[in-house]
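The values are calculated or read from the model by the stated rules, or taken from the named source; none is laboratory data. Quantities reported herein were computed from a predicted structural model and do not represent experimental measurements. Cβ sites come from the backbone with ideal geometry, for glycine too, and all protein chains shown count toward neighbours. To get the accessible areas, we keep the full protein, side chains included, count just its heavy atoms, and leave off ligands, DNA and RNA. Shrake-Rupley method; radii C 1.70, N 1.55, O 1.52, S 1.80 Å.
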Amino acid sequence: MKGLKWTQWVALFIFVSMGISMIVTIFEIFTAPSVQPTSGPKVTLKSDYIFLLVEIILGIIILALPSIISRRFKFEIPGLVYLMFIVFLYASIYLGTIQQFYSNVPHWDKILHTFSGAMLGAIGFSFVSLLNANENVVLKMKPGFVAIFSFCFAVTLGAFWEVYEYTFDAILNLNMQRFALSNGTPLVGRAALEDTMTDIIVDIIGALVLAIIGYVALKKGRPWMKQFEFKRKK
């Protein structure tokens with residue numbers, strides 16, 4: 001334990017939080033009703049808890065992925081990028097889904113999408129730095145290209161996330177893309193597209209801001225951009 005870095009302590013805290021939530025969710029699956037009662041307020045169903053359990057398990061797997069990938073391909077993940085990643089994971093899965101911040105905190109979803117755009121842009125910069133450090137890659141990439149790549153990288157993954165939401169809304173009859181009101185009334189026209197399109201727009205804003213900041217930093221000698229660079233293990 002003495003050898004743990006502070007980012008690893010944060011990750012451990014998040015891992016424990018999600019592990020406890022997983023145990024509670026499993027208990028709720030066995031006690032929750034399968035259908036809505038004919039009278040009274042709307043309740044959380046067994047299917048909702050099953051989907052929540054799947055998200056928690058995926059979150060735990062994703063939390064472990066950076067360590068697995070870095071050991072497999074022998075490189076070190078920048079502490080700042082890793083911190084952004086685990087904070088986003090905690091805010092989206094634990095706070096957003098488990099603690100219901102998506103429903104109770106205004107614009108929580110949009111805040112996270114903006115943050116994720118910037119985070120994915122930072123990962124894009126990190127990925128390029130890893131390629132550029134490879135002895136088999138002889139091309140030295142210009143700051144403009146790196147910034148454009150990081151921007152496109154972030155926006156592309158943001159679009160994939162919307163595809164994920166659309167797919168699971170259809171398969172599990174969910175409402176992650178907010179195409180219906182909380183009472184089940186379907187929206188029509190632009191109202192039905194609003195959540196998806198605003199998610200993509202704030203993804204673009206977050207990625208664009210990070211790309212511009214990264215471009216300026218690279219042009220001026222990137223004194224702090226080193227914090228975003230992957231380093232190969234010897």
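Listed values, structure above:
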item: Test: residue in the range 204-213 that is exposed (fewer than 14 other Cβ atoms within 10 Å of the Cβ), at pLDDT 85 or above and in contact with a strand residue (DSSP E or B) (Cβ under 9 Å, 6 or more places away or on another chain); result: no
item: Those residues of the range 74-103 which are aromatic (Phe, Trp, Tyr) and in contact with a strand residue (DSSP E or B) (Cβ under 9 Å, 6 or more places away or on another chain), in sequence order; result: Phe75
item: The lone exception for Ser34 - which of (1) open to solvent by less than 70 Å² (accessible area, probe 1.4 Å); (2) within 20 Å of Leu172 (Cα to Cα); (3) of a type outside the set (A, V, I, L, M) it fails; result: (1)
item: Neighbours by Cβ (under 6 Å, 6+ apart or cross-chain): first from the range 72-83, under 10 Å from Thr7 (Cα atoms) and in a helix (DSSP H, G or I); second open to solvent by 30 Å² or more (accessible area, probe 1.4 Å) and at pLDDT below 75; result: Leu80/Gln227
item: Answer residue from the range 104-119, given it is free of Cβ contacts under 8 Å to residues at least 60 places away in the same chain and open to solvent by 50 Å² or more (accessible area, probe 1.4 Å) and is nearest to the chain's Cα centre (by Cα) among those; result: Ile111
item: Residue within the range 177-185 that is surrounded by 14 or more Cβ atoms within 10 Å (Cβ to Cβ), in a helix (DSSP H, G or I) and at negative phi present; result: no
item: Search result, residues across the range 4-31 that are open to solvent by 70 Å² or more (accessible area, probe 1.4 Å) and out of contact with any helix residue (DSSP H, G or I) (no Cβ under 8 Å at 6 or more places or on another chain); result: Trp6, Gln8, Trp9, Phe13, Val16, Ile20, Ile23, Val24, Phe27, Phe30, Thr31
item: Residue satisfying all of: in the range 42-84; surrounded by 13 or more Cβ atoms within 10 Å (Cβ to Cβ) and of a type in the set (Phe, Trp, Tyr); nearest to Gly206 (Cα to Cα) among these; result: Tyr82
item: Test: residue in the range 120-127 that is exposed (fewer than 13 other Cβ atoms within 10 Å of the Cβ) and at pLDDT below 80; result: no
item: Of all residues making up the range 133-169, the number that are open to solvent by 80 Å² or more (accessible area, probe 1.4 Å) and either among the hydroxyl-bearing types (Ser, Thr, Tyr) or modelled with pLDDT under 85 (or both); result: 7
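Residues checked against (1) hydroxyl-bearing (Ser, Thr, Tyr); (2) touching a strand residue (DSSP E or B) at 6+ places or on another chain (Cβ under 7 Å); (3) closer than 13 Å to Leu89 by Cβ:
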{"site": "Trp6", "(1), (2), (3)": "no, no, no"}
{"site": "Phe13", "(1), (2), (3)": "no, no, yes"}
{"site": "Ile26", "(1), (2), (3)": "no, no, no"}
{"site": "Thr38", "(1), (2), (3)": "yes, no, no"}
{"site": "Ser47", "(1), (2), (3)": "yes, no, no"}
{"site": "Gly59", "(1), (2), (3)": "no, no, yes"}
